[in-house]
1. Take each uninterrupted DSSP H stretch in the chain, measure its Cα extent along the helix axis, and return the ones at 30 Å or beyond whose mean Kyte-Doolittle hydropathy is at least -1.0.
2. Per 0.36 nm of contour for each residue apart, how much would the distance between THR302 and ARG4 grow if the chain were fully extended, relative to their Cα-Cα spacing?
3. Determine which lysines satisfy two conditions relative to LYS221: a Cα distance under 28 Å, and not lying fewer than 8 residues away in the same chain.
4. Starting from the amide H of LEU235, placed 1.01 Å from N in the peptide plane, find each other amide H under 5 Å away whose residue is 5 or more places distant or on another chain.
5. If the label point is 7 Å along Cα→Cβ of ILE85, which residues in the range 37-73 have backbone nitrogen under 18 Å from it?
6. May I ask you to list the residues of the range 304-339 whose amide nitrogen lies under 18 Å from a point 7 Å from Cα along the Cα→beta-carbon direction of ALA272?
7. Given the Cα-Cα distance of ASP283 and ASN249 and 0.36 nm per residue of separation, how much length would full extension add, in nm?
8. For ILE198, ILE360, what's the fewest-to-most ordering of other Cβ within 10 Å of each Cβ?
Amino acid sequence: MVARLEDAARIVVKIGSALLVDPESGALRQDWLRGLAADVAELRGSGRDVILVSSGSIALGRRVLGLRSSLTLEQSQAAAAVGQIRLAAAYDDVLGPLGITSAQVLVTLDDSENRRRYLNMRATFETLLGLGVVPIVNENDTVATDEIRFGDNDRLAAQVAAMAGADVCVLLSDVDGLYTANPSLDPAARHIPHVATITPEITAMAGEGVSGLSKGGMVTKIMAAQIATQAGCALVISLGCDRPLQALNGADRATWFAPDGDPRVARKRWIASMKPRGTVAIDEGAARALQDGRSLLAAGVTFVGGAFGRGDPVAIEGPDGRKMGQGLIRYTADEGRAIRGLRSSDIEARLGYPGRAALIHRDDMAI
């Protein structure tokens, strides 16, 4: 299993409100944030992709608006709208001088459960990371209501890690990992450095968080670990100290949850298990390209059958009529029929709007 950040190619890091915002004054902890930015710069400099999932918008916004008591949904959304712009600016202020471009990505639970939005988000992450950008992800609190909320950024971070094919998801916390009991209540509680499998006994050990700003306790972190590890991503709970990622690569204590296989293999297993909504048949050249690990382009498609939307699973048939595999298609059935056999450069002229280069991207395909 991955047990060091140095062994990971793509890393998702979750930062909670209690680490980012001073619980007494409500002010941003700028020195801590600069230390985190230095850690991110080191990882980026060594060729790692980094995605940050950051809380803090409501905590920052409520200070500006003078909202001190428990907030209504409408007040929380207003605080998020005010605080989000300040949160994005804070990250830009610390990452920009280090030569790192950051991007704001706001999501809701709907975005990870709807296949079309899921594919759009995944494509956006891939493009941003390919351009050397560090995405800053947060729940879109300004529009999210209870039925479309993650509710905590631990599970959001795990979902982002699964979506982006990350190797490690880091949950920076106010504790240095999982204990046999809540260490703030039980002095005999023992630290658990490694978890191979999340059993009912492990789940029962989860206690509650101690921060007034943080929504997620250890229970949500265990839930996040289940999401991440099932997607083939290791997850680690670590103390959000100064230079927290540097400390995680050193001797500091943490709890590592072992992944269930490789993230890319887990994703392809998930795609292969879906019921296809349609079929695309391909020629010999496209079949060879897919066997070589390349994406499926419209030029190699000879037939499109069925009724499906963007993001739906479709079966891929080779020139002999046999099923080669399946994938999540980036066009509707009508669009697929319109562009089959066309070169990528001719798609816009046929559809009247720019399309994606690949009909099915290699990362969204199980052969």
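Read the figures in this text as sums done on the coordinates, not as results from a lab. Computed from a predicted structure; not experimentally measured. Neighbour counts are summed over all protein chains in view; Cβ atoms, including those assigned to glycine, are modelled from backbone coordinates with ideal geometry.
1. Values: long enough: 73-95 (32 Å, 0.39).
Helix filter hits for the chain: 73-95.
2. On the way: separation 298, 0.36 × 298 = 107.28 nm, distance 4.64 nm.
In short, 102.6 nm is gained.
3. Output for LYS221: LYS14, LYS268.
4. For LEU235, the qualifying residues are CYS169, PHE257.
5. Counting only backbone N, you get 56-67.
6. 313-318, 322-329
7. On the way: separation 34, 0.36 × 34 = 12.24 nm, distance 4.84 nm.
Answer, rounded to one decimal: 7.4 nm.
8. Details: ILE198 18, ILE360 28.
Least crowded to most crowded, the residues run ILE198, ILE360.
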